[in-house]
Amino acid sequence: MNNIKKTTIMSKDGVSYLIPFILITSCFALWGFANDITNPMVKAFSKIFRMSVTDGALVQVAFYGGYFAMAFPAAMFIRKYSYKAGVLLGLGLYALGAFLFFPAMLTGSYYPFLIAYFVLTCGLSFLETSSNPYILSMGTEETATRRLNLAQSFNPMGSLLGMYVAMNFIQNRLNPMDTVERSQLAAADFEAVRDSDLSVLIGPYLVIGIIVLLMLFLIRMVKMPKNADQSHEIDFFPTLKRIFRIKHYREGVIAQFFYVGAQIMCWTFIIQYGTRLFMADGMEEKAAEVLSQEYNIIAMIIFCCSRFICTFILRYLSPGLLLKVLAIVACLLTGGVIGFQNIWGMYCLVGVSACMSLMFPTIYGIALQGLGDDAKFGAAGLIMAILGGSVLPPLQASIIDQHTLLGMPAVNLSFILPLICFVVITIYGHRSYVRQKCK
């Protein structure tokens, strides 16, 4: 009986981590909500403030820039204190960033919203830097990747809720005037419409801020394990030098950078892709945006289901092999997104989400294998790699703003960037599989 306990996915040496696992896993849903209520805001802010797609993409720069800026400070904080302390501080900054949307609305300006997003994602950086390795530590190393995939399976549930809220409580309630009509408004009329739209936009963020505070108090009151918090010494540069010498970790950081970039590009610019496609068939801009967001929700449902399926498949296939196979399929589907100029392109773009479902937690789990207590700093490097979501989307936006390139719709051609990302992930999956097979 003791042997069974030792190999259970959420126990180690006969100690069960079920309740801590459930509480920390709920945080995965909370940052999934934040990520996917934000993606449609690129289009929303572009419309509200009459900006280009490139200017609207600054939302993603601020959002994922916060991850980058705070990852190693978060790792040092966690190293000195504990994973639980990192989770609590992350939730506090998350709530603060959400509440900053109210004063940002009062200014009537775009840039205070970027500050709010940055603060919010500083909290998410603490949260993810703490929660991912915390989940890995709640059991044996042999089951760590499966355990993280299971926890990450609840992330898209939060994402689905974020998309639903964005569509039904923000996009559908914004003034129906399209971009061209807004550009023709007099200054006073434009300000009235803008302020009305901003008051709609901030509502969901204030609500999630309250929910996050409640979660903070709940986790604060519950006793959490300290099994992976033995060392509190901060040997920053020696530790960095040591872990970046590890090949599978170093390559994992690179792969994660390109994966996050691909994910954010596919989920952010599905709105622009679908809007162009459906408007070409005679649909009005507002209706085309709503329909595109519906396809985005379908993509997330597929992503969610696929993650549970892939977590099950990991019982039979090595993580590296499954990562490689899914990345190859993603390359083929992205080629369809570029090449098709009809509904089949949208179907391919939706299908990419099924392939992406496994990638983040699997790259994460492979990269941290064998790092031990250094996983705290290793996790920070992988969270910093989320910078890919800040760097690559503006590049794609700048392509989309060209409208037409090489005789093709620029939005179609822009998906060559996610294609390159999936090629990089294919290479990492192959190298990981070969290394695992040689053990």
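Annotations
- About its Cα centre, the dipole of the chain is roughly 1900 debye, where the only charges are +1 on Lys and Arg Cβ and -1 on Asp and Glu Cβ.
- Sorting 380-389, 45-54, 397-406 by their mean Cβ neighbour count within 10 Å, with the most densely packed peptide first, gives 380-389, 45-54, 397-406.
- Rounded tilt (10° steps) of 375-384 against the dominant C-alpha axis of the chain: 10 degrees
- Surface accessible to a 1.4 Å probe, per residue, for the residues of the chain, Å²: 39 Å²
- For the pair T404 and V423, the difference between a 0.36 nm per residue extended length and the Cα-Cα distance amounts to 4.3 nm.
- For the chain, the relative contact order works out to 25 percent when only alpha carbon pairs closer than 8 Å and six or more residues apart are counted.
- Over region 234-438, Cα pairs under 8 Å with separation of 6+ residues give a relative contact order of 39 percent.
- For the pair N168 and Q436 in one chain, pulling the backbone fully straight at 0.36 nm per residue adds 91.9 nm over the alpha carbon distance.
- The helix-only estimate of mean residue ellipticity at 222 nm for the chain, built from DSSP H runs of length n ≥ 4 each weighted as -39500 (n - 2.57), is -25000 deg cm²/dmol after division by the residue total.
- Gyration tensor (alpha-carbon) shape descriptor, region 13-225, a/c threshold 1.5: prolate
- Extending 7 Å from the Cα toward the beta-carbon at both F312 and T140 defines two label points whose distance is 2.3 nm.
- Entries of K80/K223; K247/K324; K43/K324 with Cα pairs more than 26 Å apart: K43/K324
- Along the axis of the charge dipole computed for the chain (Cβ charges of +1 for Lys and Arg, -1 for Asp and Glu, origin at the Cα centre), the listed residues Y364, G282, I400 are led at the positive end by Y364.
- The magnitude of the dipole of region 13-225, with charges of +1 and -1 set on the Cβ of Lys/Arg and Asp/Glu and taken from the Cα centre, is near 480 debye.
- Region 234-438, accessible surface, carbon-and-sulfur percent (1.4 angstrom probe): 70 percent
- Test item: Cα-centred dipole of region 278-401, Lys/Arg +1 and Asp/Glu -1 on Cβ, debye: 560 debye
- Peptide packing: for 160-168, 114-122, the average count of neighbouring Cβ atoms within 10 Å per residue gives the ranking 114-122, 160-168, highest mean first.
- Angle in degrees between helix 416-438 and the longest Cα principal axis of the chain, rounded to the nearest 10: 10 degrees
- Positive dipole terminus of region 234-438, leading residue within T239, V350, I302 (C-beta point charges): T239
- Principal-axis analysis of the Cα atoms of the chain puts helix 343-356 at an angle of about 20° to the longest axis.
- Between G32, G90, G378, the Cα set farthest toward the positive side of the dipole of the chain (charges on each charged residue's Cβ, about the Cα centre) is that of G378.
The values are calculated or read from the model by the stated rules, or taken from the named source; none is laboratory data. These numbers come from a predicted model, not from an experiment. With ideal geometry, Cβ positions are generated from the backbone for all residues, glycine too; neighbour counts draw on all protein chains shown. Ligands, DNA and RNA are stripped out before the accessible areas are found, and what is left, the full protein with its side chains, is counted by its heavy atoms. Shrake-Rupley method; radii C 1.70, N 1.55, O 1.52, S 1.80 Å.
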